[in-house]
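What follows is one structure encoded as structure tokens, with my remarks underneath.
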Amino acid sequence: MTDLSDALPAFPMTRPTPFDPPPGYAAVRDAGGLARVRLWDGRTAWLVTNYEQVRSLLGDPRISVDRRREGFPFPTPGREALERSGKTTFVGMDPPDHTRLRRVFTKYFAVKRIEALRPVVQRIVDDLVTDLLAAGPPADFVAALAGEVPARTICHVLGMPLADRARFQALDHERNTLTTSPENVIRATNEMLAYADELITRKQREPADDLVSRLVADQLGGDTISREELVAAVRLLITAGHETTTNMIGLGIATLLRHPEQLRELRADPSLVPAAVEELLRYISIFHISPTRVVVEPIDIAGQRLEAGDGGIAAVAGANRDDAAFPDAATFDLHREARHHVAFGYGVHQCLGQPLARVELQTVVETLGRRIPSLRFAGDPDALEIREYAFLSLAALPLTWDAAEGEGR
Amino acid sequence: MRIVVEIDQCVGGGQCVMAAPDVFDQDDDGLVVVLDGDPAPGLADDIRLAARLCPARAIVVDDT
């Protein structure tokens, strides 16, 4: 197949605008929902774009997430180097290893446990909004808010000094930039692992009321997880909820500002906020490079037999715009039922931290609507720059508001 | 309506708790617990949504 691959569409596909998936996804969907695409290394993989088929692929035990298997598709050279370096977590494991290691962490991300963090997240958002109002308009909301809310939340949850956030933000940014060289992806990852290792050592010496201290007390020295596995997992916990939530906040605010009537409704009735956040997750679908898998035993998807060793790409951004699952899917509508979206993936690897992402997103949306009702674009909303990134990502989001809103608050 | 949960399949995603909080909860390990094994008919839609959302297909609803 490789000799024909030059004629195939390349993956990852680019998005002309931040507010719609690559047009290539719709083309594949119209052609039945499955197509071969060409990867950077000349290999091919199956791109799956329809909702039911994406769920089938991600939920099927005959496909594997194990990056060491022959044929596993990597979206960039940096990703391949990283994943093959063996520094993986349960994210890159199949059951039963995946089940064993993921279950070490599930209790800390239970919905009600995360809900208890809502006042902490509210305080973080309130402090940031107070600072924004005091400094006055305009401001770049990517730097001033979208990056800060997850970073400060993670520092609180894991018990990291706030001052360390610049360090892990820079390393995470390097890892997620698609053009970063394999050497630099590995170096940045190793630095993060060293940081996670130091953090664990510090919590062993000086335990506090935080998740890393609890993990050290509950898990270290037992026979479920090794120290090396815990280091890799803490590295994952530091990064997984950072760039993802940052970009959802930035793009979420931008999307709401592009739909002023729905934003007005949201301000008038904050009980709509949770539904609005689900619709934002669906509509934006930030996981640009998408979950990738390799077939272990042949499966049929969209009428096509996928053979063992074939790569599969589950285009969640395509699935979330499938009219069969979301009528008039291209329309942003906070009144629709959107909870069955696959923005957090599907199958046993679905995002563990999604309750925390929801709390952060809901708090930001509600607080901005309440405290800065005059918020609007400072520049051309059609000229927002997308970064070459693992996640759909805005380089900046310049916004302005009525300076009078900062008075007396 | 009968609800069967396969605890071995559960990955603690919490989707069921969000979809039908009166019927599902998570135990100390974050795994699924059925709070109400004989739910009121008015909860049927929420329960079906919970089964549909479960990423590990650990919830089976028998409507008969």
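The values are calculated or read from the model by the stated rules, or taken from the named source; none is laboratory data. It should be emphasised that the depicted structure is a prediction, and the values quoted were computed from it without experimental measurement. Cβ: placed from backbone, ideal geometry, glycine included. Neighbour counts: every protein chain shown. The area values use the complete protein model at the heavy-atom level, side chains included, leaving out ligands, DNA and RNA. Shrake-Rupley method; radii C 1.70, N 1.55, O 1.52, S 1.80 Å.
Here is how the numbers come out for the structure above:
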| item | result |
| --- | --- |
| Other protein chain Cβ atoms within 10 Å, averaged over every residue that makes up B:4-14 | 5 |
| FRET efficiency for A:Glu265 and A:Asp20, using Cβ-Cβ distance with R0 set to 30 Å, rounded to 0.05 | 0.85 |
| Chain A: DSSP helices with Cα axial extent of at least 18 Å and average Kyte-Doolittle hydropathy no lower than -1.0 | A:118-135, A:182-205, A:227-240, A:243-257, A:354-371 |
| Mean separation of Cα contacts under 8 Å (6+ apart) over length of segment A:2-406, as relative contact order % | 27 percent |
| Per-residue average of Cβ from other chains inside 10 Å of A:350-362 | 2 |
| Probe 1.4 Å, protein heavy atoms only - accessible area per residue of segment A:2-406 in square angstrom | 38 Å² |
| Portion, in percent, of the accessible area of segment A:350-393 that falls on carbon or sulfur, probe 1.4 Å | 51 percent |
| Zone of B:Arg2's modelled label, taken as backbone nitrogen in segment B:26-64 under 14 Å from a point 7 Å along Cα→Cβ | B:37-39, B:60-64 |
| Chain lengthening between A:Leu220 and A:Asp131 when straightened (0.36 nm per residue, less Cα-Cα) | 28.0 nm |
| Proximal lysines to A:Lys203, defined as alpha-carbon separation beneath 21 angstrom and excluding residues fewer than eight positions away on the same chain | A:Lys107 |
| Contact surface B-A: accessible area buried, both sides summed, square angstrom, 1.4 angstrom probe | 2000 Å² |
| A:Ala143-A:Arg43 FRET efficiency (beta carbon distance; Förster radius 35 Å; 0.05 resolution) | 0.40 |
| Estimated [θ] at 222 nm from DSSP helical runs (n ≥ 4, -39500 (n - 2.57)) normalised by residues in chain A, nearest 500 | -14000 deg cm²/dmol |
| Pairwise FRET efficiency - B:Arg52 versus A:Ala27, Cβ, R0 = 30 Å, nearest 0.05 | 0.60 |
| For peptides A:205-213, A:12-20, B:17-25, A:281-289, sequence by mean Cβ density within 10 Å, most packed first | A:281-289, B:17-25, A:12-20, A:205-213 |
| Span from the segment B:1-31 Cα centroid across to the segment A:92-162 one, whole angstrom | 24 Å |
| Prolate/oblate/rounded call for the protein assembly as shown, Cα gyration tensor, a/c under 1.5 rounded | rounded |
| Between segment A:1-61 and segment A:172-210, the alpha-carbon center distance in angstrom | 32 Å |
